[in-house]
Amino acid sequence: MAANSAPVFAAAWEASDPSSEDRPEPGFRAPSFSTTGDDGSVYKVDGVRDKAVLLNFWASWCDPCKAEAPELNRIAASLGDRLDIYGINVTSYDNKTNAQRFADKYKLTFPVMYDMKGDIFEKYNGAVFPTNVLIGRDGVVKEVILGGITAEQLEDKLKLLDR
């Protein structure tokens, strides 16, 4: 009888572990995706990684996104050894030509990709621009930031991740 109860306990324990579930919320495993960047490289979020990653969902017409772009370039330059930034244009709310002009105008130094149908934005319950999702090296969502972020704010958040 005792032998049968152990697997039931283990299954119940596993189901109650939030990090074993894909949800775009802090404490849960980040929803997986793979997409091709403007540079032709494939970028993906899928479990454990060498560095934390910031998913930056943006649109070319979004004023806070315009204000945030230079900050993201600073972050990429200063924290690139500890953090990947994926600039995801939600092209379903924009258009690719305007998005490419935005990337050129602000000289984005991190990978830019286009969410043509809005599938990735939807997976992450996107509702506003910009939306920034910080994912730890363990593949778990650490924070969802609605609105822009500065380099200093992100540095502080990364220090907490390093503890």
Within the stretch 114-130, take every residue that is farther than 13 Å from THR35 by Cβ and surrounded by 22 or more Cβ atoms within 10 Å (Cβ to Cβ) and give me the one that is farthest from the chain's Cα centre (by Cα). PHE129
Yes or no: the stretch 86-102 includes at least one residue that is in contact with a helix residue (DSSP H, G or I) (Cβ under 6 Å, 6 or more places away or on another chain) and of a type in the set (Asp, Glu). no
Every residue in the stretch 34-50 that is surrounded by fewer than 16 Cβ atoms within 10 Å (Cβ to Cβ) and either assigned to a loop (DSSP other than H, G, I, E, B) or in contact (Cβ under 8 Å) with a residue 24 or more places away in the chain (or both), please. THR36, ASP39, GLY40, SER41, ASP46, GLY47, VAL48, ASP50
Go through the stretch 18-33 residue by residue and tally those that are part of a loop (DSSP other than H, G, I, E, B) and farther than 16 Å from GLY118 by Cβ. 8
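Filter the stretch 81-113 down to the residues that are small (Gly, Ala, Ser) and either crowded, with 22+ Cβ neighbours inside 10 Å or within 15 Å of the chain's Cα centre (by Cα) (or both), then identify the one that is farthest from TYR124 (Cα to Cα).
Let us first name the residues in the stretch 81-113 that are small (Gly, Ala, Ser), namely 87, 92, 99, 103.
Adding the requirement that they be either crowded, with 22+ Cβ neighbours inside 10 Å or within 15 Å of the chain's Cα centre (by Cα) (or both) leaves 87, 99.
Working: GLY87: 14, ALA99: 20 Å.
The selected residue is ALA99.
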Residue selected from the stretch 52-74 under the condition closer than 12 Å to PHE110 by Cβ and within 14 Å of the chain's Cα centre (by Cα), by the criterion surrounded by the most Cβ atoms within 10 Å (Cβ to Cβ): TRP58
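Let's see how each residue does on (1) under 28 Å from ASP156 (Cβ atoms); (2) at pLDDT below 95:
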| site | (1), (2) |
| --- | --- |
| ASP50 | yes, yes |
| LEU54 | yes, no |
| PHE57 | yes, no |
| CYS65 | yes, no |
| ILE75 | yes, yes |
| GLY80 | yes, yes |
| ASN98 | no, no |
| ALA103 | yes, no |
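The values are calculated or read from the model by the stated rules, or taken from the named source; none is laboratory data. In this text the structure is predicted, and so the values were computed from the model without any measurement. Because the Cβ atoms are built from the backbone with ideal geometry, glycine has one as well, and the counts that use them run over all protein chains shown.
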